[in-house]
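A.B. asks: Can you keep this structure in mind? I'll have questions shortly.
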Amino acid sequence: MKTSAIAALGLLVVGTFAHAADPDLPRNLAAGCTGCHGTEGRAVSGTGFDSLAGLDQARIMQKLADFKSGVRPATVMQQIVKGYSDEQLALIATHFAAQR
């Protein structure tokens, strides 16, 4: 039993470092947002979708948290955001905040 727990912990640690070591992870996670929010977070004018490029990371995180908690109702975003961990959402928000 101890061996299984140690092995599981080891896999968790290795998986965590693998994500941290991937410099493309933020961009890859954010790629799923381009269908609505545009390439690199620049939404097409008149579509009704928010542009995310260059917004403050904290502001993006607040929007995502509001969708995830249900404070900000939406048809699709409430479901999409629930598919990401808080750490992944932070990576996405940081990626879009860095776009200029």
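A.B. asks: Are there any helices (runs of 4 or more DSSP H) wholly within segment 37-100 with 1 or more residues that are of a type in the set (S, T, N, Q) and more than 14 Å from the chain's Cα centre (by Cα), and if so which? Before the answer, list the steps.
C.D. replies: Working: elements: 57-69, 77-81, 86-97.
Of the helices (runs of 4 or more DSSP H) lying wholly inside segment 37-100, those with at least 1 residues that are of a type in the set (S, T, N, Q) and more than 14 Å from the chain's Cα centre (by Cα) span 57-69.
A.B. asks: Kindly evaluate Thr47 against the criterion of being open to solvent by 80 Å² or more (accessible area, probe 1.4 Å) and at pLDDT below 95.
C.D. replies: No: the conditions fail for Thr47.
A.B. asks: Continuing with the same structure: Determine the pairs where a residue that is more than 17 Å from Glu87 (Cβ to Cβ) and free of Cβ contacts under 8 Å to residues at least 12 places away in the same chain, located within segment 53-71, has a partner that is among the aromatic types (Phe, Trp, Tyr) and open to solvent by less than 40 Å² (accessible area, probe 1.4 Å) with Cβ atoms under 8 Å apart, the partner being 6 or more residues away or on another chain.
C.D. replies: Cβ pairs passing all conditions: none.
A.B. asks: Out of segment 22-36, which residues are under 14 Å from Leu91 (Cα atoms), open to solvent by 50 Å² or more (accessible area, probe 1.4 Å) and in a helix (DSSP H, G or I)?
C.D. replies: Correct list: Arg27, Asn28, Ala31, Gly32.
The values are calculated or read from the model by the stated rules, or taken from the named source; none is laboratory data. What you are looking at is a predicted structure, and each value in this text was computed from that prediction instead of being measured. Positions of Cβ are generated from backbone atoms using ideal geometry, with glycine treated the same way; all protein chains shown enter the neighbour counts. Note: accessible area is taken over every heavy atom of the protein model, side chains too, but ligands, DNA and RNA are not part of it. Shrake-Rupley method; radii C 1.70, N 1.55, O 1.52, S 1.80 Å.
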